[in-house]
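Structure, as structure tokens:
The values are calculated or read from the model by the stated rules, or taken from the named source; none is laboratory data. This structure is a prediction, so every number in the text was calculated from the model and none was measured. Virtual Cβ from ideal backbone geometry, glycine too; neighbours counted across all protein chains shown. What goes into the accessible areas is simple: the full protein's heavy atoms, side chains included, and nothing from ligands, DNA or RNA. Shrake-Rupley method; radii C 1.70, N 1.55, O 1.52, S 1.80 Å.
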Amino acid sequence: MTERDGSALVRVRLQPRSKRDEIVGEREGALVVRVSAPPVDGKANAALCKLLAKKARVPAGRASVVKGTSSRDKVVRLEGLAAADAGERLA
């Protein structure tokens, strides 16, 4: 996790079409996240942002995918949250 402009940047490896929405751990410096949504029309990205915002305790509108919108490897920005706080809340 890194921090830029008062926001945490979280590297994520996304697995869509899972049984449930959950953070399962960390692999190669990225959070491994599973979501039940399919990877079409941005549904998996929206589910990812919603899950990370809930776990990090920030409003859903403050989580956004800033890199890798069509890839499994993504970077999600959590606005208004320090990287250290994000690390604790998402662990």
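Quick rundown of the values:
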| quantity | calculated |
| --- | --- |
| Qualifying strands (runs of 3 or more DSSP E) (wholly inside the stretch 11-74; at least 1 residues being free of Cβ contacts under 8 Å to residues at least 12 places away in the same chain and of a type outside the set (Phe, Trp, Tyr)) | 22-27, 63-67 |
| Given (1) in contact with a Leu (Cβ under 9 Å, 6 or more places away or on another chain); (2) more than 15 Å from Asp5 (Cβ to Cβ), index of the condition Val40 fails | (1) |
| Scope the stretch 75-91; condition outside any loop (DSSP other than H, G, I, E, B) and at positive phi; matching residues | none |
| Matching residues, the stretch 33-45, being within 17 Å of Ala60 (Cβ to Cβ), more than 11 Å from the chain's Cα centre (by Cα) and hydrophobic (A, V, I, L, M, F, W, C) | Ala37 |
| Options Ala46, Ala84: the member that is open to solvent by 40 Å² or more (accessible area, probe 1.4 Å), modelled with pLDDT under 95 and of a type outside the set (Asp, Glu) | Ala84 |
| Selection within the stretch 59-75 - open to solvent by less than 70 Å² (accessible area, probe 1.4 Å) and either within 18 Å of Pro38 (Cα to Cα) or out of contact with any helix residue (DSSP H, G or I) (no Cβ under 7 Å at 6 or more places or on another chain) (or both) | Ser64, Val65, Gly68, Ser71, Lys74, Val75 |
| Residue in the stretch 5-20 that is at pLDDT below 95 and closer than 18 Å to Leu78 by Cα present | yes |
| Among residues of the stretch 1-32, those that are under 16 Å from Val58 (Cβ atoms), open to solvent by less than 80 Å² (accessible area, probe 1.4 Å) and of a type outside the set (Ser, Thr, Tyr), counted | 7 |
